[in-house]
Structure formats: C-alpha cells, structure tokens
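Structure record follows, encoded as structure tokens.
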Amino acid sequence: MQDGTTVLAMMKSITARMSELTLPLDFDFQATTPCDPEVLVAMSPYWHMLWANASSRQSRVGLKASALVSLAREQLASYLQINPERLIFTSGATEANNLALLGHARARALELGRPGHLITVMTEHRSVLEPLRQLQREGFRLTEIKPASDGLLSTSQLIEAFEKDTFLVSIMMANNEIGVLQPLGELSELCVERGVTFHTDAAQAFGQLAFNFNESGIDLLTISGHKLYGPKGIGALVIRPNIPILPLQWGGGQELGLRAGTLPVPLIVGLAKAAEISFKDLNSNQIKIRNLRNELWNSLKKQFPDLILNGSMNQRLPNNLNFTIPGIRGNHLHRNLRSVLNCSSGSACSNGEPSHVLRALGRTKEESEASLRLSLGRSTTIDQVRSAITFITQAVKKLK
Ligand SMILES: Cc1ncc(COP(=O)(O)O)c(C=O)c1O
C-alpha cells in the first residue's frame with residue numbers, strides 16, 4: 001500500500017496536469033471546486049481504517065472518532081472566532097439554510113403564538129428563497145427586496161422593508177452568480193438595533209474572505225465544504241446563543257438535538273482541512289485570482305466595448321466575472337463554448353431557467369441567457385485566461 005506522502009505527491013501531480021491547457025478549460029469554480037489533494041489524504045484513513053461511529057462513546061474507537069469531530073469543530077470555530085459549540089454540522093449549505101430559516105421561524109412562531117414577517121433579497125440562492133416561500137405558505141409574510149442595478153442592497157432599502165413584526169432577515173454574504181458582496185456590517189447593524197435575527201448564506205464567501213463572526217451582527221451563518229476545495233456533502237450552520245431553532249429531523253440527538261444522524265467523520269475532517277488550507281493562503285490567492293479576473297474582463301471589454309458587467313465591480317468576490325453580451329442568442333453562445341470552456345449563464349441549481357439574479361438586476365430574458373458567469377479557481381493560470389479570452393472572442397465574433 002502507498003504511504004500518505006506518495007499518494008499526496010501522485011494526486012498533486014494529477015491535479016497539476018489537469019489544470020494545464022486541457023479542454024474544456026475550467027471556469028466554473030463557483031458551481032463547485034475539486035477536492036484539494038491534501039484534503040483527500042486527510043480524510044482517507046477515516047473511510048476504512050478508523051471508521052467508528054462518533055456517537056459510539058462506549059468504545060475506544062468511537063471516542064477517537066468523537067475526538068476527531070471535536071478537533072475539526074474547534075479548528076473551524078477558530079477561523080470564525082466562535083465557541084465551537086455554536087457550530088452544527090449539516091450535509092451542506094442547502095440544509096444549513098433550511099435549518100436556519102425554517103427552524104428559527106417555526107421556533108419564533110411557537111414562542112409568539114403567531115407567524116410574523118420575514119425579509120430577504122430577490123437575488124438569493126434558491127436554498128434560501130424556497131424555504132422562505134415555504135414559510136409564506138405556512139402563514140408568514142415575506143418581502144423579497146429588489147436590489148439596485150449593481151446587485152447591492154442599501155440600508156435605506158432594508159429600513160423601508162421592516163414591518164412591526166419583522167423578526168428574521170436573510171441576506172447572503174457573496175452572491176453565487178454575480179459575486180457581489182453585500183454591506184453586511186451595516187445591514188446586520190440595523191437588525192441588531194431592532195432585535196431582528198440576521199441570517200447570512202456565506203457558502204461562497206467562507207474560505208475566500210476573512211471575517212469575525214463575533215464582531216459581526218450575524219446570528220446565523222451558513223457554510224459549505226465543496227465551495228472551498230473540501231468534500232461535497234458537508235457544511236455547517238453557526239448559531240449565536242439564544243437564537244431558538246426547532247430541528248427539521250429527529251433521531252439520535254446528535255448536534256445538540258438540532259441535526260440528528262450519524263456524523264460523517266471523514267467529511268468533517270475534510271472540511272476542517274479545506275478551511276485550514278484556504279485560510280493559510282487567503283491573501284496571496286486573492287491577489288493572484290483578482291489580477292487574473294481583471295485581465296479577463298479588461299481584455300474582453302477592450303474587444304467588445306458593449307459588454308455589460310453584471311454586478312458591482314468594486315464590491316465583488318475576486319474570482320467572479322459575470323457579463324451580458326448584447327445582440328447574440330444565449331443558446332448559440334453556450335453551444336459554441338461548451339467544448340472549450342466550462343462556465344455557465346447562472347447558478348448550477350437553476351434547472352436551466354434564465355437567471356433570477358440577472359432578471360432582478362433588470363436584464364431581459366434574452367440578455368440573461370446571453371450572459372456568462374466565469375469563476376476562477378486556485379489552479380487558474382494566465383495561459384488559461386488568455387485561451388478563454390480567445391475562445392470567447394472567436395465565439396462572439398462568429399455570432400454577432
Ligand atoms: C450561495 C449558495 N448557497 C447555497 C448553495 C448550496 O450549497 P450545497 O451544495 O452545499 O447545498 C450554493 C451552491 O450552489 C451556493 O452557491
């Protein structure tokens with residue numbers, strides 16, 4: 001059997017080869033990221049060597065598995081500067097968003113003896129919008145605010161949306177399609193002043209941006225493993241003390257009774273390792289990726305001055321670019337690029353519908369379809385960026 005170092009070296013070499021100029025080029029790192037080889041190695045023993053159930057506290061191996069989970073929880077908590085007990089493992093961001101929104105709203109309604117008013121933004125991920133719409137069917141009232149044309153929400157818009165019985169606001173940290181970063185400090189401050197619970201979906205931000213949970217006005221925060229080079233199928237919800245949550249599933253009482261089910265020890269170890277790697281090189285990765293993204297945008301804009309940037313350029317994730325190409329058919333554009341470029345016109349979870357995010361920014365259905373979301377990753381190189389510019393230029397010239 002190969003030892004860990006050999007396996008790691010092999011996997012790093014395979015990953016490096018994959019990031020060369022093999023087609024199609026990967027420009028869809030916001031849909032998901034590949035597992036970092038170091039994450040694979042960290043997880044490996046816990047699938048087949050130390051495979052005990054972390055809830056089997058009577059056995060020595062069970063205790064070891066439980067200690068590994070505690071260690072991973074502490075490590076993740078240290079990046080958010082929170083008490084580890086506040087972090088509940090889930091199967092990903094979708095589940096964490098559902099638990100936060102459904103769990104908190106139903107708990108509050110039980111306390112108050114009636115439902116109340118909820119606020120979100122039209123450009124949220126569907127895993128936030130759909131649970132909120134479910135709550136609407138259960139009798140809660142919901143306001144979905146339309147952001148400004150640059151995708152950002154202002155404090156005055158949120159102030160206007162508050163009603164007497166508003167008790168929950170959900171606004172994402174970084175948008176998965178247009179990459180915009182909402183002014184969360186100011187928005188959450190308004191909620192703190194009014195005693196309103198503030199939830200943020202940080203699936204696209206955690207591991208890309210540094211932030212201190214304790215110093216923020218955030219009460220509930222969602223993260224996902226596969227957006228930061230960790231495994232798919234793991235995420236977490238961070239819950240500030242005294243924020244009531246009713247569980248969505250019942251069983252063995254794991255995760256403080258809020259999320260029953262056997263804990264996936266290898267995935268939890270993998271998530272902590274992925275976070276460790278992301279936070280170690282956060283600044284240098286950001287600078288490199290931002291420069292590449294800017295090169296991509298500046299070159300394309302020079303070739304085609306009529307390109308429309310979707311979302312604010314200043315308040316934006318460093319790895320995201322999203323633009324509309326006026327005057328061409330979206331399906332022709334995507335058909336032309338498919339064999340050379342992995343990218344999208346919207347979220348991976350949109351079922352092929354025109355992007356609700358771009359529509360909220362004022363793009364027509366046709367414009368939304370003729371849009372590209374290009375998201376860069378750690379392995380993206382300048383040669384890949386230059387090739388992407390060439391492929392897009394050729395396709396657009398052909399279709400114009
Ligand atoms: C902002 C945002 N929220 C939630 C999700 C869902 O995450 P998961 O796949 O971990 O359920 C995604 C992923 O597509 C996302 O980008």
- Of all DSSP beta bridges in the chain, antiparallel share, percent nearest 5: 50 percent
- Query: What list of ³J(HN,Hα) couplings, whole Hz, do you get for the range 241-255 from phi and the Karplus terms 6.51, -1.76, 1.60, once you set θ to phi - 60° and write x for glycine and proline?
  - Reply: x, 6, 9, x, 9, 9, x, 9, 9, 10, x, x, x, 5, 6
- Please work out the Cα convex hull volume for the chain and give it in Å³ per residue. 139 Å³
- Item | Spacing of the two label points (7 Å from each Cα toward its C-beta) at LYS164 and SER13, in nm | 7.2 nm
- How do the peptides 109-117, 122-130, 142-150 rank, highest first, by the average count of neighbouring beta carbon atoms within 10 Å per residue? 122-130, 142-150, 109-117
- Within the chain, helix-based [θ] at 222 nm, where runs of 4 or more DSSP H residues each add -39,500 (n - 2.57), nearest 500: -13500 deg cm²/dmol
- For the chain, size of Cβ-based charge dipole, Lys and Arg +1, Asp and Glu -1, in debye: 800 debye
- Note on the structure: Classified through the alpha carbon gyration tensor (a ≥ b ≥ c as square roots of its eigenvalues; rounded if a/c is under 1.5, else prolate when a/b is larger than b/c, else oblate), the range 19-106 comes out oblate
- Query: Can you list the residues, at least 5 places off or on another chain, whose amide H is less than 5 Å from the amide H of ASN310, using H built in the peptide plane?
  - Reply: ASN322, PHE323, THR324
- Message: Under a Cβ-only charge scheme (Lys and Arg +1, Asp and Glu -1), can you give me the dipole magnitude of the range 42-279 about the Cα centre, in debye to the nearest 20?
- Response: 880 debye
- Looking at the range 22-68, which chymotrypsin sites (Phe, Trp or Tyr not before Pro) are in a loop (DSSP not H, G, I, E or B) and have at most 16 other Cβ atoms within 10 Å? TRP51
- Taking θ as phi - 60°, what are the ³J(HN,Hα) couplings along the range 336-341 by the Karplus curve (6.51, -1.76, 1.60), each to the nearest whole Hz, with x for Gly and Pro? 5, 8, 3, 7, 10, 9
- Which GluC sites (Glu not before Pro) does the range 169-225 hold that lie in a coil by DSSP with at most 16 other beta carbons within 10 Å? GLU215
- Non-local amide H neighbours of THR90 (under 5 Å, H modeled in plane, Pro and chain starts lacking H): which ones? GLY235, ALA236, LEU237
- Query: Taking LYS400 as the anchor, which aspartates and glutamates have their alpha carbon closer than 13 Å to its alpha carbon, excluding any fewer than eight residues away along the same chain?
  - Reply: ASP306
- Could you give the nm distance between label points at MET122 and GLU215, where each point is 7 Å from its Cα heading toward the beta carbon? 3.5 nm
- Message: How much of the pair distance distribution for the range 42-279 lies past 34 Å, counting alpha-carbon pairs only, in percent?
- Response: 15 percent
- Pairs LYS301/LYS397; LYS227/LYS280; LYS302/LYS397; LYS64/LYS232; LYS288/LYS397: which are spaced more than 18 Å apart, C-alpha to C-alpha? LYS64/LYS232; LYS288/LYS397
- Scalar couplings 3J(HN,Hα) for the range 290-298 by Karplus 6.51 cos²θ - 1.76 cosθ + 1.60 (θ = phi - 60°), nearest whole Hz, x for Gly and Pro, are 4, 4, 5, 4, 5, 4, 4, 5, 4
- Ordering of 152-160, 273-281, 164-172 by burial proxy (mean other Cβ atoms within 10 Å per residue, highest first): 164-172, 273-281, 152-160
- Task: Just the number, please: Stokes-Einstein D of the range 103-225 in µm²/s, Kirkwood Rh from C-alpha pairs, 10 °C, 1.306 mPa s.
- Result: 109 µm²/s
- Note on the structure: Under 5 Å from the placed amide H of LEU142, counting only residues 5+ away or on other chains, we find LEU118
- Exposure proxy order (Cβ contacts within 10 Å, fewest to most) of HIS48, HIS332: HIS48, HIS332
- Message: Could you check the spin-label model distance between SER78 and LYS64? Points 7 Å from the Cα along Cα→Cβ, value in nm.
- Response: 2.2 nm
- Message: Run the numbers for LEU71 and THR5: contour at 0.36 nm per residue of separation, minus the present Cα-Cα distance, in nm.
- Response: 21.5 nm
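Read-outs throughout are calculated quantities, based only on the coordinates presented, and are distinct from any laboratory measurement. Given the structure is predicted, the values throughout are model-derived calculations rather than measurements. Glycine also receives a Cβ, built like all others from the backbone with ideal geometry; neighbour counts cover every protein chain displayed.
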